[in-house]
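Undergrad: Handing you a structure now.
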Amino acid sequence: MLYHMPTKLYYGKDIISKHKDEMILGEKALIVTGKHSAKLTGALDDVISVLNEFKIPYVHYDEIGENPTYDMVIKGKELGIKENCDFVIAIGGGSPMDAGKAISVLIANPELTPDDLFDSSKYEVSVPIITVPTTAGTGSEVTEYAVLTKPNGRKSGFKDVLIFPDVSYLDPKYMTKMSRELTLTTAVDALSHSIEGVLSKKATFMSDILAKESISLIKEYLPKVLNDLENVEYREKLALASTLAGIVIAQTGTILPHSLGYRITIHKGIRHGQATAIFLPFVLEEVKKAEPEKVKIIEDIFGSIDEFTTFLKELGIYNFKFEYKDDELDLFINEVLNSSHVKNTPGEYNYNKIKDMYNKILEM
Ligand SMILES: [Zn+2]
């Protein structure tokens with residue numbers, strides 16, 4: 001068994017100003033963000049004021065959208081190389097952090113294309129990367145994963161030890177500006193990470209300890225945060241739970257619900273965390289047949305799979321409406337069956353079982 005988490009993680013309120021010298025990992029920074037959240041939360045200002053204080057020049061690339069594409073990371077790479085940036089600071093949710101990780105490898109290996117990122121034998125260096133999450137969900141601040149959307153529209157993750165961030169700053173005050181919807185969808189992403197981590201064939205003693213704590217924190221604090229969005233104390237618990245969940249999947253990988261959910265996000269526009277969590281009850285039922293002791297860990301926290309399902313329903317994550325087009329489901333099912341997530345999920349999965357899961361989410 002292995003436990004490896006090389007990211008230096010600082011967490012707590014005002015944590016950037018307390019550990020600002022750790023942010024100076026090069027001579028010119030490429031700041032990678034989306035359009036709004038880095039500014040709105042104050043995180044961008046905090047980062048820039050540290051860079052100014054240490055007289056470190058920077059370039060700001062703010063064109064990362066939700067579900068980052070090849071074009072977005074190529075533009076970031078080209079800007080970083082043209083401006084001689086030698087480290088990356090990614091601020092925002094999972095999208096800017098994942099894009100920042102891709103860009104940090106591409107800047108250090110100018111000959112590579114985004115496709116090459118999926119073959120980690122093609123690169124041995126990256127420039128240093130710092131992350132400042134402004135949502136609590138993806139856990140990207142503590143993982144060696146990044147998910148990109150390929151030109152064919154498929155979401156695909158790449159993995160390499162090089163893209164564990166060098167330093168991450170987790171400050172719950174940046175999260176108090178998140179809308180109710182974003183809070184919910186990112187928190188249930190974290191919940192999926194921890195539950196999938198428990199069920200994963202790669203679960204370890206260490207990852208289970210972290211996952212159990214993360215699930216319990218989300219169960220207790222997510223409903224509280226949803227009723228009191230600006231409460232920093234509740235936000236801090238949820239932020240910790242989400243980062244713990246990230247540390248879990250850095251060890252265990254994600255499993256079937258993530259693969260099922262990717263298709264719903266790309267083709268039906270349902271946000272990643274929600275698209276994933278809606279499948280959890282059905283996957284729990286299946287895993288229970290193969291490895292009941294794994295599912296018991298979740299049952300001990302929620303009471304039963306039924307009570308867990310009620311918890312999800314009361315959060316409102318099944319309040320969506322869409323239908324499958326002709327042949328669409330066939331495509332989804334075949335993609336899922338060919339994904340690595342299936343191999344990492346205990347139990348037997350065939351065409352009809354996956355089809356059943358896709359149909360059941362419409363009946364909830
Ligand atoms: Zn996820």
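Undergrad: If R0 is 30 Å, what FRET efficiency do you get for Asp21 and Glu299 from their C-beta distance, rounded to 0.05?
TA: The value I calculate is 0.05.
Undergrad: Check which residues have an amide H placed less than 5 Å from Thr138's amide H, if you skip close sequence neighbours.
TA: Gly94
Undergrad: What is the dipole size for the chain, taken about its Cα centre, with +1 at each Lys and Arg Cβ and -1 at each Asp and Glu Cβ, in debye to the nearest 20?
TA: The calculated dipole for the chain is roughly 220 debye.
Undergrad: Let me ask you something else. Given the chain, what percent of its DSSP beta bridges are antiparallel, to the nearest 5?
TA: 20 percent
Undergrad: Let me ask something else. Tell me, what ³J(HN,Hα) does each residue in region 276-293 have, in order and in whole Hz, if you take phi through Karplus 6.51 cos²θ - 1.76 cosθ + 1.60 with θ = phi - 60° and put x for Gly and Pro?
TA: For region 276-293, the Karplus-derived couplings read 7, 5, 4, 8, 4, x, 6, 6, 4, 4, 5, 5, 4, 5, 8, 9, x, 5 Hz, x marking Gly and Pro.
Undergrad: Given a 1.4 Å probe and the protein chains all in place, what does the accessible area of His4 round to, in Å² to the nearest 10?
TA: 80 Å²
Undergrad: Let me ask something else about it. Can you give the accessible area of Ile247, probe radius 1.4 Å, in Å² rounded to 10?
TA: Approximately 10 Å² for this residue.
Undergrad: Note down the magnitude of the dipole of region 178-363 about its Cα centre, charges +1 on Lys and Arg C-beta and -1 on Asp and Glu C-beta and zero elsewhere, to the nearest 20 debye.
TA: 240 debye
Undergrad: Give me P(r) over region 69-189, computed from all C-alpha to C-alpha distances, binned every 10 Å, as integer percentages.
TA: Whole-percent P(r) values from 0 Å outward: 14, 46, 31, 9, 0.
Undergrad: For helix 232-252, report the angle its Cα long axis makes with the longest principal axis of the Cα atoms of the chain; keep it between 0 and 90° and round to the nearest 10°.
TA: The answer is roughly 80 degrees.
Undergrad: Right, something else. Per 20 Å bin, what is the whole-percent P(r) computed from every C-alpha pair distance within the chain?
TA: It works out to 32, 59, 10, 0, in whole percents.
Undergrad: Filter Lys219/Lys294; Lys28/Lys101; Lys75/Lys173; Lys212/Lys268; Lys201/Lys321; Lys13/Lys202 down to the pairs with a C-alpha to C-alpha distance above 27 Å, please.
TA: Violating the 27 Å Cα-Cα cut-off are Lys75/Lys173; Lys212/Lys268; Lys201/Lys321; Lys13/Lys202.
Undergrad: Whole number in Å², please: accessible area per residue of the chain, 1.4 Å probe, ligands, DNA and RNA not counted.
TA: Each residue of the chain exposes 41 Å² on average to a 1.4 Å probe.
Undergrad: Let me ask you something else. How large a share of the accessible area of the chain, in percent, is made up of carbon and sulfur atoms when the probe is 1.4 Å and the other protein chains stay in place?
TA: Heavy-atom surface of the chain belonging to carbon and sulfur, 1.4 Å probe: 49 percent.
Undergrad: Which value, in nm² and rounded to one decimal, describes the direction-averaged projected area of the C-alpha convex hull of region 1-150?
TA: Reported value for the Cα convex hull: 9.0 nm².
Undergrad: What are the residues whose amide H is under 5 Å from the amide H of Lys8, where those residues sit 5 or more places off or on another chain and H is modelled from the backbone?
TA: Under 5 Å from the amide H of Lys8 lie the amide H atoms of Val167, Ser168, each far enough along the sequence or on another chain.
Undergrad: Can you give the extra length, in nm with one decimal, that the chain gains between Glu181 and Ser49 once fully stretched, where that is 0.36 nm per residue apart less the Cα-Cα distance?
TA: Residue separation times 0.36 nm, minus the Cα-Cα distance, leaves 44.5 nm.
Undergrad: Dipole of region 27-68, Cα-centred, from +1 at each Lys and Arg C-beta and -1 at each Asp and Glu C-beta, to the nearest 20 debye?
TA: 80 debye
Undergrad: Another one. Putting +1 on Lys and Arg Cβ atoms and -1 on Asp and Glu Cβ atoms, find which of Val167, Gly139, Thr149 reaches farthest to the positive end of the dipole of region 139-207.
TA: Thr149
Undergrad: Between Asp306 and Phe118, 0.36 nm times their residue separation minus their Cα-Cα distance comes to what?
TA: 63.8 nm
Undergrad: From the mean inverse distance of alpha carbon pairs (Kirkwood) and the Cα radius of gyration, derive Rg over Rh for region 147-252.
TA: Ratio of gyration radius to Kirkwood radius for region 147-252: 1.00.
Undergrad: On to the next question. Which net charge results for the neighbourhood of Phe54, defined as the other residues with beta-carbon distances under 13 angstrom from its beta-carbon, given Lys and Arg at +1 and Asp and Glu at -1?
TA: For residues surrounding Phe54, the net value is -1.
Undergrad: Now a separate question. Would you mind telling me which residue in His193, His272, His341 has the biggest mean-square fluctuation in a Gaussian network model of the chain, where springs connect alpha carbons within a distance under 10 angstrom?
TA: His341
Undergrad: What list of ³J(HN,Hα) couplings, whole Hz, do you get for region 136-146 from phi and the Karplus terms 6.51, -1.76, 1.60, once you set θ to phi - 60° and write x for glycine and proline?
TA: Using θ = phi - 60°, the values come out as 10, x, 5, x, 4, 5, 10, 10, 9, 10, 8 Hz.
Undergrad: To continue, here is another question. Per-residue HN-Hα couplings for region 33-47, Karplus 6.51 cos²θ - 1.76 cosθ + 1.60 at θ = phi - 60°, whole Hz, x for Gly and Pro?
TA: 9, x, 6, 10, 4, 4, 6, 4, 7, x, 5, 4, 4, 4, 5
Undergrad: Can you tally the net charge around Val342? Count Lys and Arg as +1, Asp and Glu as -1, for every other residue whose Cβ sits under 12 Å from the Cβ of Val342.
TA: Every neighbour counted, the sum reads 0.
Undergrad: How are the Cα pair distances of region 319-364 distributed, in percent, across 10 Å bins from 0?
TA: Reading upward from the zero bin: 24, 53, 23, 0.
The values are calculated or read from the model by the stated rules, or taken from the named source; none is laboratory data. None of these values were measured; they are calculated from a predicted model. So basically every Cβ, Gly included, is an ideal-geometry build from the backbone, and we count neighbours across all protein chains shown. The area values use the complete protein model at the heavy-atom level, side chains included, leaving out ligands, DNA and RNA. Shrake-Rupley method; radii C 1.70, N 1.55, O 1.52, S 1.80 Å.
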